[in-house]
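Heads up, the thing below is written out as structure tokens.
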Amino acid sequence: IYTLSEPDENGQPIAVATEPIGGSPGTAAASSQYAATDGDLAGMTAAACTSAAHQHWLTGAITTPGTTAVLTITNPSATNSTVDLSVFDADGRVEASGASGIVLAPGQTHSMLVAGFAPRQESVAVQVSSSGGPVAADIQQHRLDGIVPAGVDTLQPANAGSTVVIPGLHIPDEADDIADSSGLDHQTPTLHIASTGAAASATVTLRGPDGPVDLPSEASAVELAPGATTTVDLSGVEPGTYAVEIDSDTNVVASAASLTFNSAADNEDATGNTAAVDTAYMPSTAPIRGETIVALPSLADPESQLVLTSASDATVSITPVDSDGQLGEASTQELAADTAVTIEHDDAAAYLLETGSNTVHAGVFVESSAGISALPVNTVSATGSGLPVRLGY
């Protein structure tokens, strides 16, 4: 386990690459984390390392007043990359100037405000397509309720499909109090769903530790215009940690926004009560395959929970790894169909997961004195191009 506490001298992302020892194939993973307890950017965000690709979908950006969403694209390859953006809001695709023909040299990073393409929107999705070298992309987002921090997080690429799974939605005991304390829209547990093209009729299902959880009809059935985005308010759902399954008659992408009070932030409302809120975005993910390693964040003494979910009965082998790289005792987790379970090891710095032929989705929730965050778990294939990691905020 290796920890790098500072970004490069320009504050830019870096790429992580691993080389096998003795010719034996290896498995690697990395994560990045930002944490602060004061200032406008009070909160915490963690992100998993993702492989560069020629297409990414990002959903859940907000461009209403009080929220800043910054799209960042990095070319970690050795060749030039030309990037085209497709932007979608509640009415469908947005005709946005400056969204096509963005040229990135090898190692170059380019950032832009999402509000420059789709201002005053409660949910925006962005498709990032590249030719030439593959790219990495994310959206770094923070919100202010007046002068009170209202969440900071990183929106990572989401998996598209007619059935998508979000492996983690956390609803805290104080969810109703959070909604009442904030002047911002959507300071409730929320799903962001976007159609990738055609009109979509989708059904939303929550998976809890004991199986499917009933939702109100207005939350379980979603209609989307072609290329449109929407939000689903999950107010009223019992506190707990869930997975989300979205079944649609055409391809969609989705993310879930969890939130909690940030008691460490130095901000109060008019009554003197702590009002700062932090958010955690989890995208829809592809199922993990075979052997997968998960690198856990380490700033601000976080508590990490691994969330596992499957549509059918499954078995997962879980081996904790400590900060010295020593493997702990492996355990076997049985998953019943349509459930979501959480696992926690106090001394784990990473997990080694083995799913065999089972179809399992996985994510990690991280909570610390600085706030809450979430990161997807992805099986990373060896491509030789490295893994882009963003450090800092």
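Calculate one ³J(HN,Hα) per residue across the stretch 324-334 by plugging θ = phi - 60° into the Karplus curve 6.51 cos²θ - 1.76 cosθ + 1.60, and present them in order as whole Hz with x for glycine and proline.
Ordered by residue, 3J(HN,Hα) equals 8, x, 7, 7, x, 7, 6, 10, 10, 10, 8 Hz.
Skipping prolines and chain starts, which residues have an amide H placed within reach, meaning under 5 Å, of the one on Asp145, given they are 5 or more residues away or on another chain?
Long-range HN contacts for Asp145: Ala150.
Quick one: which residues, 5 or more positions from Ala349 or on another chain, have an amide H under 5 Å from its amide H? H modelled 1.01 Å from N in the peptide plane, none for Pro or chain starts.
Amide H neighbours of Ala349: Val321, Asp322, Ser323.
Net charge near Ala336: determine it from the other residues with C-beta under 12 Å of the C-beta of Ala336, scoring Lys and Arg +1 and Asp and Glu -1.
Result for the neighbourhood of Ala336: -3.
Near Thr68, within a Cβ-to-Cβ distance under 10 Å, what is the net charge of the other residues, with Lys and Arg +1 and Asp and Glu -1?
So the surrounding residues net to 0.
With +1 on each Lys and Arg Cβ and -1 on each Asp and Glu Cβ, how big is the dipole of the stretch 82-156 about its Cα centre, in debye rounded to the nearest 20?
The dipole of the stretch 82-156 has a size of about 140 debye.
Report, by chain and number, residues whose modeled amide H sits under 5 Å from the one on Ala61, excluding near sequence neighbours (fewer than 5 apart, same chain).
For Ala61, the qualifying residues are Val124.
What's the ranking of 215-224, 49-58, 312-321 by average number of surrounding C-beta atoms within 10 Å, highest first?
Peptide ranking by packing, descending: 49-58, 312-321, 215-224.
Using a 7 Å offset from the Cα along the Cα-to-Cβ direction at both Thr315 and Leu113, what is the distance between the two label points in nm, to one decimal?
Each label point lies 7 Å from its Cα, and together they span 5.5 nm.
Calculate the FRET efficiency for Ala198 and Glu238 from the Cβ-Cβ distance with a Förster distance of 30 Å, rounded to the nearest 0.05.
The computed FRET efficiency comes out at 0.30.
If you count, for each residue, the other Cβ atoms within 10 Å and average over each peptide, how do 327-339, 366-378 line up from highest to lowest?
Ranked from most to least packed, the peptides come out as 366-378, 327-339.
May I ask for the net charge around Leu308, where only other residues with Cβ less than 13 Å from the Cβ of Leu308 are counted and Lys, Arg are +1 while Asp, Glu are -1?
Neighbourhood net charge equals -4.
Using the Karplus equation 6.51 cos²θ - 1.76 cosθ + 1.60 (θ = phi - 60°), what ³J(HN,Hα) coupling, rounded to whole Hz, does each residue of the stretch 112-127 give in order, writing x for Gly and Pro?
My calculation for the stretch 112-127 gives 8, 7, 5, 5, x, 9, 9, x, 6, 10, 7, 7, 10, 10, 10, 9 Hz in order.
Can you work out ³J(HN,Hα) from phi for every residue in the stretch 73-87, in order, using Karplus 6.51 cos²θ - 1.76 cosθ + 1.60 and θ = phi - 60°, giving whole Hz and x for Gly and Pro?
In residue order, the calculated couplings are 10, 10, 9, x, 7, 9, 10, 4, 10, 10, 10, 10, 10, 10, 10 Hz.
Each reported figure results from applying straightforward, stated rules to the coordinates on display, with no laboratory input. Source: prediction; values computed, not measured. In this analysis, Cβ positions are derived from the backbone assuming ideal geometry, glycine residues included, and neighbour counts consider all displayed protein chains.
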